[in-house]
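Inspection log for the structure reproduced underneath, given as structure tokens.
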Amino acid sequence: MSAAPLLECVGLAKRFGGIQALGGVSLAIGRGEIVGLVGPNGSGKSTLINVLSGLSMPTTGQVWFDGRRVDRATPHVLSHAGIARTHQIPKPFASLSVRDNVAVACMFGRISQSLEQARRSAEEHLEVVGLTSQGDSLPHQINLHERQLLELARALATRPTLLLLDEVLAGLNPAELDEAVSVLQKIHAAGTAIVMVEHVMRAVTGLASRIVVLDRGRKLADGAADAVMNDPAVVQAYLGREHGARG
């Protein structure tokens, strides 16, 4: 990684009326880094992803991406700059084939392409996520796991340098989880930085070189996976609650 971060948040805050969803979060993401973003429900994880992807404007604070201030940029501007994201609930174009869903993203991503070029590029992205054989299918003809992979392929089609993943592994069985982790490893190996909001801790600790923990809209911990997961404050705020609910 280079010394300058790819993305940097400084004092990022977001309020919804009287509710403070983010309370001054500062965070840096290095080029080619995988960062796990974890925390209990309501800790501000999805709000942070929404702000970083332009879906929500911060109340105060700054976001810098690749040396450029972007905290007031719209989603399409950020997409062209190199930031892509997935959503918890995939919403593909129902009337378009799997291939053409990805082709649309190719056409309007960082490098504009004709429909013919975009369909060829779409095949490359479908191969990365393992959906080549489903290219002619409609979204309702594939299962939830495959729709999540389609969501990932559509994000990749914009050719991002930073990929924001919002619970892309949610609801997967062990075999599907292993497949999805393998796909993320391939994406990372190609040089893409990844920030992943996730509750599947086995995947987070296996993929991320660094873990950031949010609690009540504030950054509670930031560091190597082993150190963070053994931090007493993290155990109390996040793991302790989850383990207690299961126990």
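The values are calculated or read from the model by the stated rules, or taken from the named source; none is laboratory data. Treat the numbers as computed from the prediction; the structure is a model and nothing was measured. Glycine gets a Cβ as well: all are built from the backbone with ideal geometry, and neighbour counts include every protein chain shown. The protein model used for the area step is the full one, side chains on, heavy atoms only, and it has no ligands, DNA or RNA in it. Shrake-Rupley method; radii C 1.70, N 1.55, O 1.52, S 1.80 Å.
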- Query: Among (1) open to solvent by 60 Å² or more (accessible area, probe 1.4 Å); (2) modelled with pLDDT of 95 or more; (3) not in a helix (DSSP H, G or I), which single condition is Met196 missing?
  - Reply: (1)
- Task: Quick one: count up the residues across the stretch 155-188 that are open to solvent by 50 Å² or more (accessible area, probe 1.4 Å), under 17 Å from Leu126 (Cα atoms) and either in a helix (DSSP H, G or I) or among the small types (Gly, Ala, Ser) (or both).
- Result: 5
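Only residues that are outside any helix (DSSP H, G or I) and not basic (Lys, Arg): list them for the stretch 206-221, please.
Ala208, Ser209, Ile211, Val212, Val213, Leu214, Asp215, Gly217, Leu220, Ala221
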- Message: Within the stretch 26-34, does at least one residue satisfy the condition of being at pLDDT below 95, polar (S, T, N, Q) and closer than 22 Å to Ala221 by Cβ?
- Response: no
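Helices (runs of 4 or more DSSP H) wholly in the stretch 36-151 with at least 3 residues that are open to solvent by less than 50 Å² (accessible area, probe 1.4 Å) and in contact with a Lys or Arg (Cβ under 6 Å, 6 or more places away or on another chain) - which ones?
Fully inside the stretch 36-151 and qualifying: 98-107.
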